[in-house]
Amino acid sequence: MLAQDLEPSSGGFVQSLGALFLVASGFGVTLAGTPDSDNWGSYGRTYDQDHFSPLTDIDVDNVSHLGLAWWFDIPGIVLAESVPLAINGTLFFVTGYSVVRAVNGATGRLLWTYDPGVAKEAGRKLRLLWGVRGIASLNGRIYVGTHDGRLVALNAKTGKPVWSVVTTQPGDLRIISGPPLVFGGKVMIGHAFTEAPLYGEPGPPLRGYVTAYDAVTGKQLWRFFTVPGDPKKGFESKAMEMAAKTWSGDWWKHSGGGTVWNAMTYDPELNRVYIGTSNGFPMTAKVRDPVGGDNLFLASIVALDADSGTYVWHYQTNPAETWDYDATEDLELAHLVVAGTPRRVLMQASKNGFFYVIDRDAGKLISAEKFAKVTWAEEIDLSTGRPVETASARDESGQSRIWPSGDGAHGWPPMAFSPVTNLVYIPVLDSTGEIGACNSRGLDPSGNPCVGVDSLLAWDPLRQQAVWRVSLPGVRNAGVAATAGNLVFQGRSDGQFAAYAADSGNKLWSFDAETGIVGAPISYKVGARQYVSVMAGFGGGSSVVEPGKWKARTQSRRLLTFALDANARLPPPPPPYELTPIVDPGFKHSPAREKRGFASYTEHCPLCHGYGARAGGHAPDLRESAVILSAKAFAKIVKHGGLREQGMPQFQDLSDSEVSDIRQYLRARARKAATNQASEKRTE
């Protein structure tokens with residue numbers, strides 16, 4: 001469909017469809033238990049998951065008067081990137097390993113804390129990722145997925161557990177990293193982790209699935225697998241039988257993937273849920289499937305019946321996916337007038353660099369255009385829905401470069417859609433890497449980021465074109481929220497929290513959070529006052545690709561909340577980042593041991609402590625840790641789990657010599673950092 005065939009709806013609304021569209025667009029009921037626009041009742045506020053608030057008290061004319069109303073300090077070295085919920089005057093949020101807190105939405109006063117004790121339960125799973133990014137609420141209960149694979153229902157008033165179920169399978173390495181989804185008396189959860197072997201955790205291939213539970217009792221109601229299993233054991237559904245025809249050989253013995261670790265939403269008009277699935281493993285398609293099948297339902301958007309979990313339709317963004325272009329980016333629902341006809345649509349700014357508009361009734365692609373630099377495909381063929389790949393797209397010699405990298409043009413930080421402006425606001429990353437060389441963490445073999453220019457992009461989903469773009473510092477800035485006050489809010493990796501005019505992109509206000517921001521903001525109302533809240537704290541994947549920005553031990557982790565004419569002030573910030581390498585007078589170089597230590601460290605440690613031992617704020621920089629001075633202390637922590645309950649995984653399967661070599665490598669890195677600093681001072 002050509003751009004000229006797409007027409008915007010008058011005034012940002014589909015007038016001909018009346019009140020139903022107003023409700024679904026975010027101006028009416030949000031979720032059960034949150035009956036008005038004052039609340040932010042789910043990860044994306046409404047079932048549309050559009051990260052849009054209809055509140056207008058804070059607008060383009062007065063946002064310059066926005067000030068800090070209160071803050072809540074989060075103890076410990078924890079991940080703070082989740083989207084809070086605001087329900088009837090109370091804020092709920094999750095940090096670190098699934099620790100949930102409730103605070104007064106007007107004052108920040110702590111009401112309760114729930115700690116599921118993940119560090120004690122997770123075992124080897126503690127080595128994979130860092131925690132969950134959101135929670136869900138329904139009828140007086142808060143639902144949280146835990147890093148070790150449990151789904152827990154909490155009493156919203158007390159924080160006490162009501163029920164808990166294990167959503168994973170015995171002995172697997174599945175973890176939960178995304179928010180649950182509630183709908184129709186059910187709560188649904190997916191899981192990660194397709195690429196566990198890439199993080200030094202070998203195991204059988206994981207088949208992705210989502211599971212729906214009764215929201216009241218926790219009883220499992222249905223489960224939908226996203227990739228087929230062993231045909232000899234029979235297929236769970238006709239959908240799996242269909243999908244199996246797109247795989248070859250004994251795929252179930254060595255291949256898997258399709259995990260649903262982020263994108264899920266519910267469509268109350270059609271009583272469907274939509275899920276976005278991840279890449280496969282092995283990641284390279286020709287290794288996974290030499291014959292070259294599409295490998296359903298990898299890198300796909302799948303529609304399921306909400307009552308039964310039965311397959312309805314699918315759209316695969318990348319057949320035979322081979323670049324880590326999964327389809328797990330947020331799925332947002334809207335009503336748009338297309339060629340003069342009102343349509344129910346689903347939108348995704350995909351990791352692969354294309355913005356998709358899909359008819360959610362039939363699953364038919366309406367349009368798809370590049371919103372970032374893309375070199376793996378020329379276009380998306382609208383007659384087939386398939387990409388037209390470039391000649392070099394599957395060149396795995398390591399000599400070609402490709403846009404975007406495996407880090408994606410858009411990752412999990414959510415975009416927002418405003419039914420007032422009819423624009424989508426996307427945190428964009430123009431990233432690149434060598435084909436076959438840039439890994440799933442967006443890093444090349446030397447540990448350098450495969451990145452380009454980061455920006456906030458306003459995109460017209462009807463005409464499929466950019467409206468405005470703001471360049472941003474860093475390579476992984478935060479998710480966004482839009483409001484009916486003609487505003488877009490976004491945090492940045494340099495610590496600034498900013499407001500922009502939604503129609504023009506003009507920067508209208510900013511606040512120094514004194515630490516990097518990764519999470520997406522929300523807006524809500526308590527009494528007569530509108531607030532804007534955001535989690536602040538730099539960590540997770542952002543810290544891996546942006547080392548040397550914030551220190552794990554000194555940066556703050558906070559929930560920040562703003563209101564008009566508020567004037568609270570944060571405590572003085574920590575000193576500017578400066579590495580202080582440990583002095584190790586007994587150190588002696590051993591090139592062979594340091595080479596072995598580098599290999600072991602790179603296999604097990606950089607996800608938290610950074611490539612090349614250059615940490616970015618999620619975990620301590622080990623080049624300045626006194627622990628590496630003592631072989632006994634180092635082994636106690638790394639091999640024997642001395643800090644396991646503080647979140648440091650135990651690597652009991654490492655040999656004594658491997659632990660010793662890693663320590664030797666870290667001591668060498670500390671010595672090199674100290675030498676470089678001394679050299680720089682001599683030349684000043």
- Given the residues 666, 654, which is the only one that is surrounded by 16 or more Cβ atoms within 10 Å (Cβ to Cβ) and part of a loop (DSSP other than H, G, I, E, B)? 654
- Note on the structure: Going through (1) under 29 Å from residue 254 (Cα atoms); (2) in the same structural domain as residue 178 (by TED's automatic domain parsing); (3) touching a residue at least 60 places away in the same chain (Cβ under 8 Å) one by one, residue 299 fails only at (3)
- Taking the range 127-155 on its own, how many of its residues are touching an Asp or Glu at 6+ places or on another chain (Cβ under 7 Å), touching a residue at least 60 places away in the same chain (Cβ under 8 Å) and part of a loop (DSSP other than H, G, I, E, B)? 2
- Please work out if residue 541 is in contact with a Phe, Trp or Tyr (Cβ under 7 Å, 6 or more places away or on another chain), modelled with pLDDT under 95 and not aromatic (Phe, Trp, Tyr). no
- Note on the structure: If we keep only residues of the range 37-90 that are outside any loop (DSSP other than H, G, I, E, B) and among the aromatic types (Phe, Trp, Tyr), then the residue farthest from residue 497 (Cα to Cα) is 40
- Query: Does residue 320 satisfy being more than 28 Å from residue 457 (Cα to Cα), outside the structural domain of residue 259 (by TED's automatic domain parsing) and in a loop (DSSP other than H, G, I, E, B)?
  - Reply: no
- Please tell me if residue 158 is part of a loop (DSSP other than H, G, I, E, B), assigned by TED's automatic domain parsing to the domain that holds residue 217 and at pLDDT below 95. no
- Every listed condition ((1) without any contact (Cβ under 8 Å) to a residue 12 or more places away in the chain; (2) in a helix (DSSP H, G or I); (3) not aromatic (Phe, Trp, Tyr)) holds for residue 124 save (1)
- Among the residues of the range 87-107 satisfying the criterion of being of a type in the set (Phe, Trp, Tyr) and at pLDDT 95 or above, which is nearest to the chain's Cα centre (by Cα)? 93
- Note on the structure: residue 470 meets each of (1) assigned to a strand (DSSP E or B); (2) crowded, with 24+ Cβ neighbours inside 10 Å with one exception, condition (2)
- Among what's in the range 451-467 and is in a loop (DSSP other than H, G, I, E, B) and out of contact with any helix residue (DSSP H, G or I) (no Cβ under 7 Å at 6 or more places or on another chain), pick the residue that is nearest to residue 37 (Cα to Cα). 461
- Message: I want to confirm something. Restricting to the range 373-392 and keeping residues that are in contact (Cβ under 8 Å) with a residue 60 or more places away in the chain and assigned to a loop (DSSP other than H, G, I, E, B), which single residue is nearest to residue 339 (Cα to Cα)?
- Response: 382
- Query: Which residues, taken from the range 99-135, are surrounded by 21 or more Cβ atoms within 10 Å (Cβ to Cβ), more than 27 Å from residue 608 (Cα to Cα) and of a type in the set (Gly, Ala, Ser)?
  - Reply: 102, 105
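This table checks each residue for (1) part of a loop (DSSP other than H, G, I, E, B); (2) surrounded by 14 or more Cβ atoms within 10 Å (Cβ to Cβ); (3) among the aromatic types (Phe, Trp, Tyr).
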residue: 567; (1), (2), (3): yes, no, no
residue: 584; (1), (2), (3): yes, yes, no
residue: 588; (1), (2), (3): yes, no, no
residue: 594; (1), (2), (3): no, yes, no
residue: 597; (1), (2), (3): no, yes, no
residue: 602; (1), (2), (3): no, yes, no
- Mind counting the residues in the range 487-497 that are surrounded by fewer than 22 Cβ atoms within 10 Å (Cβ to Cβ) and out of contact with any Gly (no Cβ under 9 Å at 6 or more places or on another chain)? 1
- Message: Just to check your reading of the model, which residue among 201, 195 is over 20 Å from the mean Cα position of the chain (by Cα), more than 26 Å from residue 163 (Cα to Cα), modelled with pLDDT under 95 and of a type outside the set (A, V, I, L, M, F, W, C)?
- Response: 201
- Would you point out which residue out of 152, 78 is β-branched (Val, Ile, Thr) and at pLDDT below 95? 78
- Message: Quick test for you: out of 324, 305, pick the one residue that is of a type in the set (Asp, Glu) and either surrounded by fewer than 24 Cβ atoms within 10 Å (Cβ to Cβ) or closer than 21 Å to residue 184 by Cα (or both).
- Response: 305
- Task: Select from the range 217-245 the residues that are touching a residue at least 60 places away in the same chain (Cβ under 8 Å) and of a type in the set (Val, Ile, Thr) and list them in ascending order.
- Result: 226, 227
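The values are calculated or read from the model by the stated rules, or taken from the named source; none is laboratory data. What you are looking at is a predicted structure, and each value in this text was computed from that prediction instead of being measured. Here the Cβ is made from the backbone with ideal geometry for all residues, glycine too, and neighbour counts use every protein chain on show.
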